Amino acid sequence: MVRPACLLGIAGLLLAIVPPAMAQNLTPQQAIARMKTLPGYEVRLVAAEPDVRQPVSISFDSQGRMWVLQYLQYPNPAGLKAVKQDQYLRTIWDRVPEPPPRGPKGADKLTILSDPDEHGHYRKAKDFLTGLNLATGFALGRDGVYVVQAPYLLFYPDRNHDDQPDGDPEVLLTGFGMEDSHAYANSLQWGPDGWLYGAQGSTVTANIRGIEFQQGIWRYHPETKVFELFSEGGGNTYGLDFDRAGRVIAGTNWGGKAMLHQVQGAYYIKGFGKHGPLHNPHAYGYFDHVPQANFKGGHVTCGGVLVMTDRFPQPLQGQYVAGNLLSNDVYLHTLQADGSSFKATQGADFLVSNDPWFRPIDCLVGPDGGIYVVDWHDKRAAHLDPVDTWDRTNGRVYKVVPKGNQAEWKSPDLAKLPASELLKWLGDANIWKAREARRILTDRRDQSILPNLLQLVRSGSPEQSLEAMWTIYGIGGLPALPSQEMLQHPNEHIRTWMIRLLGDTHAFPTDLHPLLHAIAERDPSPTVRSQLACSLKRISDIGIRNRLLASLLQRKDDLQDPYIPMLLWWVLEDQSIREQSETLAVFADRNLWTAPIVEGVILERIARRYLAEGTESGYAACARLLELAPSPAATDRLIVGMEKALDGRRLAKVPASLEQPLASLRKSRPNNALLRFAVRLGSQSALQEATDRLQHPSCPESEQIALLELIAQGGDDSVLPILLGILHQAKTDPLRLAVLRQMQAFNQPVVPETMLAMYDRSSRGLRSAIITALLARPASTISLLKRIDSGKINKSDLTLDQLRQVMSRSPSPEIVALIDKQYGKVGAEPTGEKQARIAYLGIAMRRNTPNLANGETLFRKNCMVCHQLHNEGNKIGPDLTTADRGNLGFLLLHIVDPSASIRSEYVAWNIATVDGRLLTGLLVDQSPASITLLDAQNQRTLISRDKIEEMTASTVSLMPEKLLDSLSEQEAVDLLTYVQQAKPKPR
């Protein structure tokens, strides 16, 4: 599926700056001639236009035929009208379309390719479905085809297997998001457990049976009709696969990362500024991508599969092969175990295309053991340009296989094989054969083979044992599995999956409790313990659940595991309010408090969760935790957590249940942390003490800066004279800056008056902060502009980008008049001018010899304040190391016109506060109580949510325009060439 995270630019403009030889649409044969793959391997063409155009997904049926989903309707659904569209291309349509056949017909189709020649090129093509309308995924099975076409999951039956649907599709689910067609639900495929799994991308919102989510992995069970959100978050995911142990590996569009390991019930990183927080505001953390070393390529990695086929050597087995849409290549990533999850290192180049039209978006292991690569094939990779210049005339599917003229493997029709033959295929080195055999046996529901399967579980290879276990479950369900035996199986993945299946069916009979306790206390496998943590929420008996939870929490060897500690926290959080007394009872065990996971992960979060509830019951729970705390260190951790729940705000008065505990603590253990907590909790005596300490001559500057924020956050105007006093006495710029930042919150005339009065005698850095503060309110903006108009402040102290920010806020006529008088008309740069500038720079790049040393100097001067390149610089803007730097069109467009396309995590937000401030910055942190903005000067501002009147995403980038205008042509070439270098310049 075509990814949203890049913008290759306006089509005609790209042709002007891409060398002519690279701008051609190559024939399939010409394309293959340019490709390079692994030594000893070759690329073969499997399918191409006219049989295949704009392919997004493939699959193989039991006969070895290849089914191809052609995404010809992209990017807009047929028959609908756009009512509204935001800057992320999220579109509201005039209606929800009816499902097929009543809804509007689109151009998408699902095609069956068959009759391969001796090289594997399919010679026959037949359409199974036409008229699909933005269909993004499909799966074969259960005598038919499952198709995901937002907002629906559909099933087209073909029970007589004549390659024609038996009738209208059955609507299984409705509610998948439709706002953005490059983030639709996708990658439909069978999981080992018989559920149908899929992904959903970032810029759409699904609401299915009351379960709302933007991005994540979801699943549906065809027999029970149950729908679940398997895990939430993970970026704009396209592509998911299961390893030999049935673990989910999913694609991503995150720079510098290639994949996520998604586990049941977990929360993953999102583009929080763009998509909002996780749907559970009390998750208090999330899992990131699989840690990645030596990453190269663009930031869109999609359609990946794991190498599980004997046509590739053993060292490659289990490696992750995935397309990189922006670098036009396919890469290998080596996975290695890291506790219950993985680490990854970028390995060899699997397929280098040397063709900017090559768009690898899906990969699959085929019946012959080759690795198939789906090539969308287009000069464009996103639909940010509204002009429809997609080339729908072509599309390719290739495969990578060992070199030679060996005869193509001919697949028998597995559906016609007897069970005795199919059993031999379970655990085959070619994962396609093993999965297809399992799927067919499961579909048949032949209970007579259960003893044979159980024998394979007991005595087969590790791969056979798992495949046989999954097949048993698919045929006979949980009763067909001897649970006690499986929980004691020597294969850790058998034990893992037995726990998973018990949880899926919410069946934890009493006779299994001793075994589960033994696993929680003594099982050596972090993978097993991780799944038990995932499944705990599915145990209905709170007593059993908490005993298992307590045992897992006390496992010292899991503190550094990348998943287990947070999974255990999410179990506690899930029950903390609903079963409060039982949850607090867990902490009655004094030994639990010294467990490393409890100390390092749980205590702060459980205290934060109860205080964040904001109810008497929640406050009472906090008091009980303080009462149970067995040591000062444990108490300190609880206080840190409770204070986090009050970030950016103070309570009006101390809750009754916390009055006595707070008084006792302040009497017995007075310290700065307790003082801060007491102030935030609403203690007036603590506030007075903090105020006195702030003004004391001996108070260290670092402590003054911390106390300034604490005291000012209440918004009480009586604090303002204190701030002014500190400002007048301040001896250093850091302290002055801290005071100025807190003064911004007060809407009093003395604030801008003071700032303007000190402007002339301030340092350059302080002046910049004063201007930023003054521009935050209309009244002070007028005061600043009047001072400029009178000549008391140099007009050049305001940058063009600051003026544009002001003009973007619908300013008053007086502000507009003052800006017009001093600066002329300030608005967005005309598109034509930007196009001309990009074209000119493209020509300059071809006619000048670059000086890389000078380019590095210019980069350090102009770019490093906001961007990283090769691990140097700041992270206000995107890391350029993983951007599509090799694409000159991409690079020039984003420098010349930075607001044309702003990646979700770098979208600036305009915040209007209830007291009249207007703030702009990146949303770098948020909680249920507050948000934190990072502005273009690298300054952070924490704002309580109850002080926010309006919060809107800005269409203007924080990156300034005309960055290159101050450079000569040669300097611009030097800078651009340095940025495009694949590796750092040797020193």
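As I understand it, the value is the acute angle between the Cα axis of helix 526-535 and the longest principal axis of the Cα atoms of the chain; what does it come to in degrees, rounded to 10? Helix 526-535 and the main axis of the chain meet at about 80 degrees. Computed about the Cα centre, the dipole magnitude for the chain is approximately 1640 debye when only Lys and Arg (+1) and Asp and Glu (-1) carry charge, each at its Cβ. Using 0.36 nm per residue and subtracting the Cα-Cα separation, the extra length available between HIS870 and GLU627 on full extension is 82.4 nm. Which pairs, out of LYS795/LYS962; LYS36/LYS109; LYS84/LYS105; LYS109/LYS416; LYS105/LYS126; LYS792/LYS875, put more than 25 Å between their alpha-carbon atoms? Violating the 25 Å limit, Cα to Cα: LYS36/LYS109; LYS109/LYS416; LYS792/LYS875.
Counting charges near ASP574 (Lys, Arg +1; Asp, Glu -1) among other residues having Cβ under 11 Å from its Cβ returns a value of +3.
About its Cα centre, the dipole of segment 831-980 is roughly 200 debye, where the only charges are +1 on Lys and Arg Cβ and -1 on Asp and Glu Cβ. Counting only Cβ charges, +1 for Lys and Arg and -1 for Asp and Glu, the dipole size of segment 11-402 around its Cα centre is about 640 debye. Checking every one of the GluC sites (Glu not before Pro) in segment 175-232 against DSSP loop status and a limit of 11 other Cβ atoms within 10 Å picks out GLU223. Just to confirm the number: angle between the C-alpha axis of helix 564-576 and the first principal axis of the chain, 0 to 90 degrees, nearest 10? Computed tilt is about 70 degrees.
Farthest towards the positive end of the charge dipole of the chain, among the residues VAL147, HIS894, GLY304, is the Cα of HIS894, using unit charges on the Cβ of Lys, Arg, Asp and Glu.
Near VAL46, the amide H atoms lying under 5 Å from its own belong to VAL397, TYR398, LYS399; only residues 5 or more places off or on other chains count, and H is placed 1.01 Å from N. P(r) tail, segment 831-980: Cα-Cα pairs separated by more than 27 Å, 31% of all pairs.
In plain terms, if you count all Cα to Cα distances in segment 658-704 and split them into 5 Å steps from zero, the share in each step is 5, 21, 31, 24, 12, 5, 1 percent.
Taking 0.36 nm per residue of sequence separation and subtracting the Cα-Cα distance, how much length would be gained by fully extending the chain between ASP925 and ALA82, in nm to one decimal?
Between ASP925 and ALA82, full extension yields an extra 300.2 nm.
Sorted fewest first by neighbouring Cβ atoms within 10 angstrom, THR345, THR224, THR583 come out as THR224, THR345, THR583.
As an exercise, identify the trypsin sites (Lys or Arg not before Pro) in segment 209-259 lying in DSSP coil whose Cβ has no more than 15 other Cβ atoms within 10 Å.
Details: sites: ARG209, ARG219, LYS225, ARG244, ARG247, LYS257; in loops: ARG209, LYS225, ARG244, ARG247, LYS257.
When the trypsin sites (Lys or Arg not before Pro) of segment 209-259 are filtered for loop state and at most 15 Cβ neighbours within 10 Å, ARG209, LYS225 remain.
Rounded to the nearest 0.05, what FRET efficiency is calculated for ARG159 and ARG458 with R0 set to 35 Å and r the Cβ-Cβ distance? Efficiency at R0 = 35 Å is approximately 0.50.
In sequence order, segment 965-974 has phi-based couplings of 5, 7, 9, 6, 4, 5, 5, 4, 5, 4 Hz under the Karplus curve 6.51 cos²θ - 1.76 cosθ + 1.60, θ = phi - 60°, and Gly or Pro positions carry x. 3J(HN,Hα) along segment 438-443: 4, 4, 5, 4, 5, 4 Hz, from the Karplus curve 6.51 cos²θ - 1.76 cosθ + 1.60 with θ = phi - 60°, whole Hz, x for Gly and Pro.
Normalised Debye scattering of segment 744-826 at q = 0.22 Å⁻¹ gives log10 I(q)/I(0) of -1.09, counting only Cα atoms as equal scatterers and leaving out solvent. Between the helical axis of 778-789 and the longest alpha-carbon principal axis of the chain there is an angle of about 70 degrees. On the beta carbon distance between LYS126 and GLN488, with R0 = 56 Å, the FRET formula returns roughly 0.65.
Gain in length, ALA656 to ASP166, computed as 0.36 nm per residue apart minus the alpha-carbon separation, to one decimal in nm?
169.6 nm
Of ASP51, ASP557, the sequence from fewest to most neighbouring Cβ atoms within 10 angstrom is ASP557, ASP51. With a Förster radius of 51 Å applied to the C-beta separation of GLU421 and ASN854, the computed FRET efficiency comes to 0.15. When every Cα-Cα distance of the chain is counted in 10 angstrom steps from zero, the calculated P(r) takes the values 2, 10, 18, 21, 20, 15, 9, 4, 1, 0 percent.
Read-outs: derived from the displayed coordinates by stated rules, not from any lab. Remember, it's a predicted structure, so these values are computed and weren't measured experimentally. Please note: Cβ atoms are built from the backbone with ideal geometry, for glycine as well, and neighbour counts cover all protein chains shown.
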